[in-house]
Amino acid sequence: MRTIAMSENIKVEAAEILSRFQNLPFEDLMDAAERLTLSGHGAVVSYSRKVFMPLTKLCRDVCHYCTFAHRPSQVDAAYLAIDEVLKIAKAGEKAGCKEALFTLGDLPESRYDAARDWLAAAGYNSTLSYLREAAEAVLSETTLLPHLNPGLMNASDYEMLRPVSASMGLMLESASERLCDPGMPHFGSPDKIPSNRIESVRQAGESQVPFTTGLLIGIGETRLERIEALLAIRDLHQRYGHIQEIIIQNFRAKLNTKMASSAEPSLEDHLWTIAATRLIFGPEMSIQGPPNLREGALTQLVRAGVNDWGGVSPVTPDHVNPEAPWPHLEKLEAETEAAGRHLRQRLAIGPSFARDLNRWADPSLHTPIMRALDGRGLVRDSRWHPGNGDEAVQIAPSMVTGRDPVIMAAIDTVERCEELSESYITRMFSAEGADFDAICNLADDLRIEHAGNDATYVINRNINYTNICLYHCGFCAFSKGSTKSERGPAYDIDLGEIAKRTIEARDRGASEVCLQGGIHPSYDGNTYLGIVKAVKAAVPEMHVHAFSPLEISHGASTLGLSQREYLSSLKDAGLASLPGTAAEILSQEIRDIICPDKVSADEWIEIMRTAHEVGLKTTATIMFGHVEGYKHWAEHLVRVRELQKETGGFTEFVPLPFVHMEAPIWRKGHARSGPTYREAVLMHAIARIVLTPLITNIQSSWVKLGFDGAVAMLKCGANDIGGSLMDESITRAAGGVYGQEFDLVKIGDLLHGSSRNLVQRNTLYN
């Protein structure tokens, strides 16, 4: 009998773990697993809507429980043709699928002439080379992302397939080499030797492939052997970080196999193994339980530690388990909700891996992945996008009872009047269901307490004096590099035109002009001084709200002045306050991607600090929904909060959802398509929670959100809807359909029936 291909350390540790788990009451084991799952994944269970591509059912292995593998005489063709692959893929695309799962037998050409002949006739030297072409066809002609399960592979195989697949997988099944002995289920199956499979999983890690693996339980292995297999996977993951999911699959006896009469593992045994897996791997690992193999027991699987249902297809059968049809997605959602969880779609690449594409995905895959994602790394949950004219999404109160314990603890922290940490803030952005409702309700309560029941606005006019700019921010479709710009006409209006527009604004009741523009190569500090003086000369009483920290930095440096000196000179000339733009995300790692030549995060903070110190109030903003993650949103809010504690100089906080349509970074495929509606709501709500009582005014941007969207934000923490006579150019250049003029009548109609009063304010909220 062969020995287990494990180190002595793993064997010893496995025995210790098994003893500990066996001595733990079953209910205690389940409770511990559930707590870990909730702490790691909250109240969400994910799934991948997929099509199943059995590229070939020929296989050199003869596993005694398998009905997937066929002999050549049992199939019409050795391989699916490319047109058949695309037919299946396009049907899946129409049904909302995002994944094409390619499953195939191991190295059939080493056993069957039919496989060798088919490949040779089609011009391929191996099954894997044909697999690459099939996956490439799906990528090029559909929006589906391939996940590949071709069996044992080495480093060169992974290198060949990585550019055409979002992820790959290989079930370890078992670490027991005795299962390959005569009379055992893997006898005669060379690809099932555990040491070879472990090596293949290892090489996937070296190749930086997001990888799915797992166990098939109930085929003759012991619980000790299961633990040994899990520890082998754990050690590889600790080394390479590439295991995106572990499947704990229960053996199902199938007719016409050698194991047709073998006993299947009990539900309790299955639950025990899932719980053991959760306890070994901790809260963050994604653990899958196939929902079609335990019908009626999904609640128990969730409690045991499952946070993912794997691939579920509305189009194709489970070719590996044809006796067990996929549950209808409506039923799956109902059963998931009955377990106190929300069902959410993911891609073939796991959420945490999708958030780190530079490491885990070939550059050719970045665009389709990025455009499908929300900030969590899950599939966008609606067609809504900022700036494109979509109506606000109606989010009904959730009936799901499950709660995220981390978010609950965060809310408790706020209710104790304690300050939220970055980690708590980060987790709050993942809120679903009852947690989402609780955050919005808390934000609204804080809004009433600290800002009252008025919905305020200011009558103002935007004057974007030039769109010619020295900088190359990836998100900006407004700026032009020169007067010969590729993206439409460049302009630079003179002081006379600025004065004229200021007078027009006054005549229409405006109390403020907001002035911002590109960094024109001929501009210096005197240019901005001249702009302020022109406005004040035209309309002395006009409030001048102008110049981002970038313009302040440029103006000061060109005159050889300190920023304090320059800000003081602008104030003396008539500047009354600064907009908080150019903040984008106050995380340098993100700024290095989206605006590497712009003022740094630290410089933005320092310029705002100095402005406050010289007596200039400012706003603060965040631009969100492009390349950053929730942790960066949290970092940004904390930095704003800390500066406000120091200076008290911010009058408002303005969330600015990224408008993607014409943004260069999006057109190049390097950014998400703006935040989801859920994320936009949460940004306003969480900003209220984090910044109250330091900043009492949260503004919703009707230019980005539309009128109905801006009003909707008034129910979750916002108390202001910005300026009325925008004449806004920057968002419209990015593809936004709003931005010309605030419609007071429409806003009033949208507020009708609520307790909110539409009240005019000035720039400083007086």
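Bear in mind these aren't lab numbers, they're just calculated from the coordinates by the rules spelled out. Owing to the predicted nature of the structure, the values given are computational and were not obtained by experimental measurement. Glycine also receives a Cβ, built like all others from the backbone with ideal geometry; neighbour counts cover every protein chain displayed.
This structure gives volume of the Cα convex hull per residue in Å³, computed directly, and of (1) 166; (2) 285; (3) 209 that value is listed as (1). Exposure proxy ranking for Leu764, Leu107, based on other Cβ atoms within 10 angstrom of each Cβ and starting from the fewest, stands as Leu764, Leu107.
Sorting His319, His636, His520 from the fewest to the most surrounding beta carbons within 10 angstrom yields His319, His520, His636. Under the criterion of Cα pairs below 8 Å and six or more residues apart, the relative contact order for segment 8-372 equals 25 percent.
In terms of Cα to Cα distance under 22 Å, which lysines are near enough to Lys668, apart from those fewer than 8 places away along the same chain? Within the straight-line cut-off, Lys668 pairs with Lys98, Lys480, Lys484, Lys598, Lys704.
A DSSP coil position with no more than 15 other Cβ atoms inside 10 Å describes the following trypsin sites (Lys or Arg not before Pro) in segment 338-390: Arg383. Ordered by the number of other Cβ atoms lying within 10 Å of each residue's own Cβ, fewest first, Asp191, Asp308, Asp494 fall into the sequence Asp494, Asp191, Asp308. Cross-link reach is defined here as a Cα-Cα straight distance under 23 Å, omitting same-chain residues fewer than 8 places apart; for Lys11 the lysines meeting it are Lys192. Which is farthest toward the positive dipole end of segment 184-303 among Leu231, Ala253, Val302, measuring Cα position about the Cα centre, with Cβ charges +1 (Lys, Arg) and -1 (Asp, Glu)? Ranked along the dipole, the leading option is Ala253. Taking Cα atoms only, the orientation of helix 433-451 departs from the longest principal axis of the chain by about 10 degrees. Rounded, prolate or oblate: pick one for segment 51-133, where a ≥ b ≥ c are the square roots of the eigenvalues of its C-alpha gyration tensor, a/c under 1.5 means rounded, and failing that, prolate if a/b is larger than b/c, else oblate. Oblate shape, in that a/c is at least 1.5 and b/c is the bigger or equal ratio. With all projection directions averaged, the alpha carbon convex hull of segment 8-372 covers 16.9 nm².
Counting only alpha carbon atoms, the long axis of helix 26-41 and the longest principal axis of the chain meet at about 40°. If a/c stays under 1.5 just call it rounded; otherwise compare a/b with b/c (prolate if a/b is bigger, oblate if not). Do that for segment 295-432, with a ≥ b ≥ c from the square roots of the Cα gyration tensor eigenvalues. Oblate. Each residue of segment 558-572 is assigned a 3J(HN,Hα), and the resulting list reads 6, 9, x, 9, 6, 5, 5, 4, 5, 4, 5, 5, 5, 4, 4 Hz, derived from the Karplus form 6.51 cos²θ - 1.76 cosθ + 1.60 (θ = phi - 60°), x at Gly and Pro. Over segment 559-649, the ratio between the Cα radius of gyration and 2.2 N^0.38 Å evaluates to 1.12. If the Kirkwood radius is taken over C-alpha pairs of segment 1-121, then at 37 °C and 0.692 mPa s the Stokes-Einstein diffusion coefficient equals 172 µm²/s. Relative to the compact-globule estimate of 2.2 N^0.38 Å, the Cα radius of gyration of segment 407-761 comes out at 0.95.
Cα convex hull, segment 157-311: 121 Å³ per residue, rounded to a whole number. Residues whose amide H falls under 5 Å from that of Leu758, counting only those 5 or more places apart or on a different chain, are Ala455, with hydrogens built in the peptide plane. Using only the alpha-carbon atoms, how far is helix 194-206 inclined from the longest principal axis of the chain? Give it as 0 to 90 degrees, nearest 10. Tilt of helix 194-206: around 20 degrees. In percent, rounded to a whole number, the relative contact order of the chain is 13, using alpha-carbon pairs under 8 Å and six or more apart. The antiparallel fraction among DSSP beta bridges confined to the chain stands at about 5%. Think of it this way: in the chain, Cys59, Cys97, Cys180, Cys417, Cys469, Cys514 stand alone, with no other Cys Cβ under 4.7 Å. Put a dot 7 Å past the Cα of Glu642, heading toward its Cβ, do the same for Ser382, and the two dots end up 3.5 nm apart.
Can you tally the net charge around Met370? Count Lys and Arg as +1, Asp and Glu as -1, for every other residue whose Cβ sits under 14 Å from the Cβ of Met370. Its environment carries a net charge of +4.
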